Amino acid sequence: MSQSVVTPIAVAAPVVDDEARALVAEVLDSGQLAQGPMVARMEDLGAAMAGTTHAIAVNNGTDALELAFEVCDLGPGDEVVTVPFTFAATANAALRAGANVRFVDITDDFTIDVDLLADAIDERTKIVCPVHLYGLPARMAPICELVERHGLHLVEDAAQAHGASDGGRRVGSFGVGCFSLYATKNVMAGEGGLVTTDDDDVAERIRTLRNQGMAGRYDYVAIGRNSRMTDLQAAVAIPQLERIDAISAARAANADVLAAALDGTPGLVLPASRPGATHVWHQFTVLLPEGIDRDDVAESLRDEQISCGVYYPNALNDLPVYRDHDRVIAGDTPVARAVATRCLSLPVHHGLGRADMERLCDALKGVLSRS
Ligand SMILES: *Cc1c(COP(=O)(O)O)cnc(C)c1O
């Protein structure tokens with residue numbers, strides 16, 4: 001008896017091609033494994049991706065945020081305004097700098113509510129940190145206007161939005177851009193990060209800080225740290241950065257298939273892009289019909305070899321560690337809370353194709369119709 005083999009569909013899977021393997025081998029043979037020429041090459045590609053004059057490679061996306069905050073001179077008494085519907089790193093980087101975090105709610109596209117942001121800004125506010133969640137840029141025109149009007153710093157959490165743009169301009173170029181190259185991101189190196197900026201001074205300070213504060217060999221000019229990246233990791237990321245537009249296009253094509261096939265499913269809320277914005281579909285996150293048990297849906301899909309993700313099961317400000325923190329202004333964020341209870345991220349990554357998307361949609365519609 002023959003049994004058809006079902007290929008598992010993963011919510012995230014690193015894609016490593018022969019070019020990456022060859023570049024890794026080149027690094028191993030070169031004798032220069034850290035902060036060497038492959039890192040420099042990756043930085044050039046990172047700057048091209050963000051449309052900035054500088055990209056500085058660092059250890060990970062969290063370091064990118066910490067260093068970006070540091071060069072804005074963030075410290076005790078200062079406030080960072082951001083969203084609670086994000087990965088913890090966004091808030092952690094501010095809290096670890098000794099600053100306050102003020103959470104404001106999102107809109108139904110999962111990015112910061114600009115009207116609430118305007119209300120949240122006060123004399124303590126130093127940094128506005130929008131998150132381009134799931135690959136959709138936050139509304140950058142009004143955000144930049146607010147930042148400018150109040151003389152604030154803009155740090156973009158672009159960890160999920162490599163190559164995304166708003167109003168024709170790439171994310172990471174509006175303020176200080178922070179990208180992650182973690183294994184599941186649109187461009188990945190296993191671990192890694194990039195800070196992007198057009199500001200020569202900011203770039204110089206970050207380069208110095210990531211290397212123990214050295215402006216030259218043992219020329220210490222600041223209290224720095226080790227946030228150097230290895231050339232092995234840079235080698236993994238280079239081929240992806242070279243074809244970032246193709247990666248984004250493949251993800252968008254998958255998202256189009258999902259949107260068309262799932263349209264009209266009762267109670268299911270689909271994610272959308274925004275006119276003027278280019279969504280790079282780090283995740284395709286739906287809101288399940290109200291009253292449906294998300295764990296049951298995910299488990300039924302798992303039975304059909306399809307994995308989904310819950311990004312994120314809680315708004316950060318609903319978790320005691322943040323809500324009860326003496327430097328967190330938790331605020332009231334009903335949209336973030338509601339979204340956190342219903343969200344489910346479906347596989348959409350560029351290692352998948354149309355047939356995978358169709359199998360996924362059939363499976364999801366089947367599960368929902370039985371629920
Ligand atoms: C992944 C991620 C980070 C942190 O990046 P790491 O490389 O894991 O340190 C920060 N913010 C968001 C929104 C992320 O998704």
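The values are calculated or read from the model by the stated rules, or taken from the named source; none is laboratory data. Since the structure is predicted, the reported quantities are computational estimates derived from the model, not experimental observations. Here the Cβ positions follow ideal geometry from the backbone for every residue, glycine too, while neighbour counts run over all protein chains shown. Surface areas here come from the heavy atoms of the whole protein model, side chains and all, with no ligands, DNA or RNA. Shrake-Rupley method; radii C 1.70, N 1.55, O 1.52, S 1.80 Å.
When the dipole is taken about the Cα centre of the range 308-352, and only Lys, Arg (+1) and Asp, Glu (-1) are charged at their Cβ, what size is it in debye, to the nearest 20?
Details: 4 positive and 4 negative charges, 28 e Å.
Roughly 140 debye, rounded to the nearest 20.
Across the range 310-316, rounded Karplus estimates of 3J(HN,Hα) from the backbone phi angles (6.51 cos²θ - 1.76 cosθ + 1.60, θ = phi - 60°) give 10, 10, 10, x, 9, 5, 4 Hz, Gly and Pro being marked x.
For Ser165, nonlocal amide neighbours, meaning residues 5 or more places apart or on other chains whose placed amide H falls under 5 Å from its own, are Val171, Thr278. For the chain, the fraction of 1.4 Å probe accessible surface lying on carbon and sulfur atoms is 50 percent.
Roughly how much of Lys365 is accessible, in Å² to the nearest 10, using a 1.4 Å probe? Its heavy atoms expose roughly 80 Å² to the probe. Amide H contacts of Phe110: none lie under 5 Å away among residues 5 or more positions distant or on a separate chain (H built 1.01 Å from N in the peptide plane; Pro and chain starts excluded).
Accessible area per residue of the chain at 1.4 Å probe, in Å²? Intermediate values should be presented prior to the final figure.
Details: 15670 Å² over 371 residues.
Ligands and nucleic acids excluded, the result is 42 Å² per residue.
Taking amide H positions as modeled 1.01 Å from N, with prolines and chain starts lacking one, the residues under 5 Å from Ile9 and 5 or more places away or on another chain are Ile306, Ser307. Take the alpha carbon atoms of the range 123-198, find their center, do the same for the range 229-260, and report the distance between the two centers in whole angstrom. First find each Cα centre; the distance between them is then 18 Å.
If you take the square roots of the eigenvalues of the alpha-carbon gyration tensor of the chain and sort them as a ≥ b ≥ c, do you get rounded (a/c under 1.5), prolate (a/b over b/c) or oblate? Mind showing how you got there, number by number?
Working: a/c = 1.99, a/b = 1.22, b/c = 1.63.
Because a/c hits 1.5 or more and a/b fails to exceed b/c, the chain counts as oblate.
The listed peptides 8-15, 97-104, 322-329, ordered by packing as a protection proxy, come out as 97-104, 8-15, 322-329 (highest mean of other Cβ atoms within 10 Å first).
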